[in-house]
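Structure first, then comments.
Only the coordinates and a few stated rules stand behind these numbers; no lab work does. Since this is a predicted model, take the numbers as computed values, not measurements. In this analysis, Cβ positions are derived from the backbone assuming ideal geometry, glycine residues included, and neighbour counts consider all displayed protein chains.
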There are 2 protein chains.
Amino acid sequence: MVLCDIGNTHFHFWDNGQITHILPKHLNKHLFDQEIYYISVNKQNEKMLNKTFKTTYDLESIINLPTKYVGLGVDRKAACLCITNGVIVDAGSAITIDVVANSKHQGGYILPGLSEFIQAYGRISPALKTNINFGLEPIELPLNTKNAITYGVLKSIILTIQNTIGSQRAYFTGGDGKYLAKFFTQAIYDETLVFRGMRISIERALERRRNQK
Amino acid sequence: MVLCDIGNTHFHFWDNGQITHILPKHLNKHLFDQEIYYISVNKQNEKMLNKTFKTTYDLESIINLPTKYVGLGVDRKAACLCITNGVIVDAGSAITIDVVANSKHQGGYILPGLSEFIQAYGRISPALKTNINFGLEPIELPLNTKNAITYGVLKSIILTIQNTIGSQRAYFTGGDGKYLAKFFTQAIYDETLVFRGMRISIERALERRRNQK
């Protein structure tokens, strides 16, 4: 069984514990010859997956998370299914922050992902076009443009997430999850989170089917 | 005397206490018939001003602020000249935050302006294309996409600026300065800040000239 989490930038595949991140332009039918069980937050990429592979199944209808949130992304739902209490931070194209208490989703919010965040500056002025200084610890007040922008990006992300986490456990996932997790003492990095949520949902669906028989 | 603060999006004019914000496409020679003293952070807009009006003077060389910051925008310098101690928040196309202690600039950083910040989401996915919910107080965890994005934008800006301000006085200026100031108890909103810094610089330059004679 192959699992696929279709994001806005990448296809994330889970094949027997092995995770790969594929850009749409690199997707081809020779990558996998098994059935693919997927969830998707991007219609266009979803179409591409379905066109490329013969046997695919959309798991969306079996990803059930108790929540009052209207329009919660299926990947966020899947990740939240893995924990009973705590905060999920999924740092991909966007950074989503979701709070779970007693297995119920309490709400959540969205920050731009690191890449889009930094690109917003370059769109304001060519003078603000730069990359993140990954060596910077955002502690001292910056004294040049590159650090002033890196500080702005990192400090705002870190303080906002920290404000939500408080003394709770926080589970980080996504492409920038590992990098961001290092700024939080309570952080646990787990790149399998969304896939585990998908597997939990499949097992629960099978369980329900067994009970119906 | 007319003062002009040339930004990335607008020309900000000060004419005898009257402030107007003009988009580049609305700039024309009939707006003012006096000499224009300007500062600029945008080369293209600066060229346009110089082409449109006959008599213009660039004040950059007389805007002197003690700082170790390399590449500090001349508008940020001008605003900082107005205070002895405290924090300047200029919320325009970008939001700049600068700290002054004993009339010396201590450093600062940059956040995307509200408009560019919210547009970053729409670039990640059409599903995240929205406007700020200006009625939202970012306190409770959001339960829909529009609020999840508004919360992300506002909470990250507010917490980061609050972290810098601490118990200091904060002076807000710029197009979104008035809106943002209401989230801070120590905030003073002053739309004339940059212009006052320009006038202080002119007076100091005249003073120096008088002393040389």
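Let's see if you can work this out: charge +1 on each Lys and Arg Cβ, -1 on each Asp and Glu Cβ, no other charges. What is the dipole magnitude of chain A about its Cα centre, in debye to the nearest 20?
About 440 debye.
Are there any helices in chain A, counted as whole DSSP H runs, that stretch 18 Å or more along their axis by Cα and score at least 0.0 on average by Kyte-Doolittle, and if so which?
The qualifying helices are A:145-165.
Taking 0.36 nm per intervening residue step and subtracting the Cα-Cα distance, what contour gain separates B:Leu206 from B:Asp58 on full extension?
51.8 nm
Among A:Phe11, A:Phe172, A:Phe184, which one shows the biggest mean-square fluctuation in a GNM of chain A, springs joining Cα atoms closer than 10 Å?
Greatest mean-square fluctuation among the candidates belongs to A:Phe184.
Residue by residue through segment A:183-190, what is 3J(HN,Hα) from phi via Karplus (6.51 cos²θ - 1.76 cosθ + 1.60, θ = phi - 60°)? Round to whole Hz and write x for glycine and proline.
Per residue, the Karplus-derived 3J(HN,Hα) values read 8, 10, 5, 8, 7, 10, 8, 8 Hz.
Which is farthest toward the positive dipole end of segment B:73-193 among B:Ile97, B:Tyr109, B:Ala79, measuring Cα position about the Cα centre, with Cβ charges +1 (Lys, Arg) and -1 (Asp, Glu)?
Sorting the options by dipole projection puts first B:Tyr109.
Once you've got the GNM for chain A with C-alpha springs shorter than 10 Å, pick whichever of A:Ile202, A:Ile139, A:Ile19 has the biggest mean-square fluctuation.
A:Ile139
Given R₀ = 35 Å, what would the calculated FRET efficiency be for B:Ala101 paired with B:His30, taking r from the Cβ atoms and rounding to 0.05?
0.20
Once you keep just the Cα pairs under 8 angstrom separated by 6 or more residues, what percentage relative contact order results for chain A?
Relative contact order comes out at 18 percent.
Tell me the mean residue ellipticity at 222 nm calculated for chain A from its helices only (DSSP H runs of n ≥ 4, each -39500 (n - 2.57), averaged over every residue, nearest 500).
The helix contribution divided over chain A gives -11000 deg cm²/dmol.
Quick check: from the Cα gyration tensor, does segment B:73-193 come out rounded (a/c under 1.5), prolate or oblate?
prolate
Below 8 Å between Cα atoms, with a sequence gap of 6+, how large is the relative contact order for segment B:73-193 in percent?
25
Which residue fluctuates most in the GNM of chain A (Cα springs below 10 Å): A:Gly73, A:Gly122, A:Gly175?
In the Gaussian network model the winner is A:Gly122.
Going down the list B:Lys77/B:Lys178; A:Lys104/B:Lys155; B:Lys43/B:Lys104, which pairs span over 31 Å between their C-alpha atoms?
Pairs exceeding 31 Å: none.
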